[in-house]
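Right, one structure below, let's go through it.
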Amino acid sequence: MSVRVYDLAHARAGDKGNTSNISVICYDAKHWDFLERELTPERVATAFQHIAKGPIRRFPLRNLKAFNFVIENALGGGVTVSLAQDIHGKSLSNVMLAIELPDPDGKRG
Amino acid sequence: MKPENAVRIGAGAGTSDDRLVPALELAERGDIDYLVFECLAERTVSRENLSRSKNPDLGYAPSLHSRLRMVLPACIKNGIRIVSNMGAANPLGGARAARKEAADLGLGDVAVAVVLGDDVSSVVQHRAGLMLIENGEPLESILPKMISANAYLGADVVCEALNTGAPIVLSGRVADPSLFLAPMLHEFDWSYDDTAKIAQGTAAGHLLECTASVTGGCFGWPGKKDVPDLANNGYPFADVTPDGGIVIGKTPDSGGRLDVMTCTEQLIYEIHDPTAYITPDCVLDISGIALTQEAADRVRVSGARAKPRTPTYKVNVGYADGYIGEGEVSYGGIDAVARAKWAAEVVKERLRRQGFTYDDFRMDLIGMSSLHGEPEKRPEPYEVRLRLAGRTHDRKAAHAIGFETRALHMHGPGGAGGACEPRVRDVLAVKSVLLPKNMVNPQVVVEGTL
């Protein structure tokens, strides 16, 4: 059994220069500890390896039932010079939501 | 209902291309005291500097005309003061344009307080050794191509402009949350030493600065995060009390939603370290903020903290960095992807034979891998749109990408359809430096009669 980030949280991507930040916000605070354990920067780096060179930092925001992932070298050099269609990386939150996590208890959202 | 001692600050635009009508709705039925239009993206000032170099009357945000024409009558009638960075690269020119709009609307002599001093191009010209934040190289590396250099000014000088009493305040580059914090400083006389209040005001500004992004825009997901009447999102406002109390609300009877979920997404948006979000006014810490639903479409913000402002301004340096050329064409049906890939090879070979080179080149299969890459992992769609893009300092090389892609109609694999016109755009790149505040001289001048 596995669970997707999508099942437990919502997300939004923002941009500054060549850095993308992606919030991951639990629908229910009870899933925060699970995400803290499983949605590690390493796991996120694997999901983004073909998009971003990194590094990737994770900031916990328990007060907001959330995490903030800061992903460097993610936007093709930055909004002003990127050749990408989605120069702001607005769609990158959906890469985060698609990440699959082990769900040993078989309990979904 | 607006609390008795509260000042209500509305958000009228969060980008130069933002919708116009929701700002009018706020002015007409939002019971607001201030309407703030944030209209400058990173490279807007550079672009407007180029407009100004062609015509010295221009250089402000072109949308200034349509925005003011729409909201000025309601704002003047309801005593709502306007604060905006639509002055872009020419705040004085913007002020003259704003005054003309007011006169043409029959509103008479409307004074505009103009914030100047963000343009620091002459200062940084002589400081080639300043380090670029993005890559650690000296400013010298881009100085020859520099188009503009603008400091992100803070709320203090915008507050000074409000102190003149002018109904409209126009600036160039000012940090987005500072535009919203300024009316609070003006109304409540908050000191920069009172970091808790500065923090609350800055957090409110950050929540408001993208307008509908806190009222259900950039949020909805069918069945998962539904948004009522998404086609009619209302713009938000903050009710601010003298003690630093903040409640975010939105235009009554508008579409969209405003709740803890929408506020949380916007609060973290474009933040890096949540304990150190640097603005010209403070170093904001959102890690203790609590968001509480007080009533329908009303969310209370509490617990923002901050450290005092830093001794530097962030300066955006815009510079010309060549061209981006693009072409697109579609393939459908059997072997659509194989034909699109072959087409891309044909274009690349044509460009190579003409001797064109590119600093960066990219092939996208729209419908498959243009957003998240990894085409080998995706199922083949029925139809696909090939996109080719390259960056170069040779305008002809940039144009050739779209030219050769369009020519696939005649010369490429079978069944190419719907190629677009060749597209070429100037690259206005932006990097930044930190400049000590004592090298910058923010000031206010008033156009018109007070």
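The values are calculated or read from the model by the stated rules, or taken from the named source; none is laboratory data. From a predicted model like this one, the values you see are computed outputs, not experimental measurements. Virtual Cβ from ideal backbone geometry, glycine too; neighbours counted across all protein chains shown.
Descriptive notes on the structure:
- Long-range neighbours under 8 Å by Cβ, at least six apart or interchain, first residue farther than 17 Å from residue B:210 by Cβ within the range B:19-30, second in a loop (DSSP other than H, G, I, E, B) and small (Gly, Ala, Ser): B:25/B:234; B:25/B:254
- Here the range B:264-290 is the region considered, the condition is being in a helix (DSSP H, G or I) and among the hydrophobic types (A, V, I, L, M, F, W, C), and the residue that is farthest from the other protein chains (Cβ to nearest Cβ) is B:267.
- One residue stands out in the range B:301-348 among those that are charged (D, E, K, R) and not in a strand (DSSP E or B): the one that is nearest to the chain's Cα centre (by Cα), namely B:309.
- The range B:38-63: number of residues that are closer than 17 Å to residue B:116 by Cα and not in a helix (DSSP H, G or I): 9
- The set of residues in the range A:20-56 being facing another protein chain (nearest Cβ under 8 Å) and within 13 Å of the chain's Cα centre (by Cα) consists of A:21, A:23, A:25, A:51.
- Single condition residue B:374 does not satisfy, out of (1) out of contact with any strand residue (DSSP E or B) (no Cβ under 8 Å at 6 or more places or on another chain); (2) at pLDDT 95 or above: (2)
- Where residue B:357 falls short, out of the listed (1) surrounded by fewer than 17 Cβ atoms within 10 Å (Cβ to Cβ); (2) within 14 Å of chain A (Cβ to nearest Cβ); (3) of a type in the set (Ser, Thr, Tyr): (2)
- Flag if residue B:22 is in the same structural domain as residue B:164 (by TED's automatic domain parsing), crowded, with 24+ Cβ neighbours inside 10 Å, not in a loop (DSSP other than H, G, I, E, B) and not polar (S, T, N, Q): yes
- Residue satisfying condition, being in the same structural domain as residue B:349 (by TED's automatic domain parsing) and not hydroxyl-bearing (Ser, Thr, Tyr), within set B:412, B:448: B:412
- Output for the range A:6-62, where each listed residue is among the β-branched types (Val, Ile, Thr) and part of a helix (DSSP H, G or I): A:44, A:46
- Applying the criterion of being touching a Leu at 6+ places or on another chain (Cβ under 9 Å), away from every other protein chain (no Cβ under 14 Å) and assigned to a loop (DSSP other than H, G, I, E, B) to the residues of the range B:374-418, the residue that is nearest to residue B:347 (Cα to Cα) is B:416.
- Boolean, residue A:92 is surrounded by 16 or more Cβ atoms within 10 Å (Cβ to Cβ), more than 24 Å from residue B:364 (Cα to Cα) and either of a type outside the set (Asp, Glu) or modelled with pLDDT of 95 or more (or both): no
- Residue within the range A:58-78 that is out of contact with any Ser or Thr (no Cβ under 9 Å at 6 or more places or on another chain), within 23 Å of residue B:367 (Cβ to Cβ) and within 13 Å of chain B (Cβ to nearest Cβ) present: no
- Verdict on residue B:64 being assigned by TED's automatic domain parsing to the domain that holds residue B:165 and within 20 Å of residue B:428 (Cα to Cα): no
- Of the criteria (1) more than 7 Å from every other protein chain (Cβ to nearest Cβ); (2) surrounded by fewer than 19 Cβ atoms within 10 Å (Cβ to Cβ); (3) in contact with a strand residue (DSSP E or B) (Cβ under 8 Å, 6 or more places away or on another chain); (4) part of a helix (DSSP H, G or I), which one residue A:101 fails: (4)
- Within the range B:370-411, the set of residues being of a type in the set (Gly, Ala, Ser) and either within 34 Å of the chain's Cα centre (by Cα) or more than 17 Å from residue B:354 (Cα to Cα) (or both) comprises B:370, B:373, B:389, B:390, B:397, B:398, B:400, B:402.
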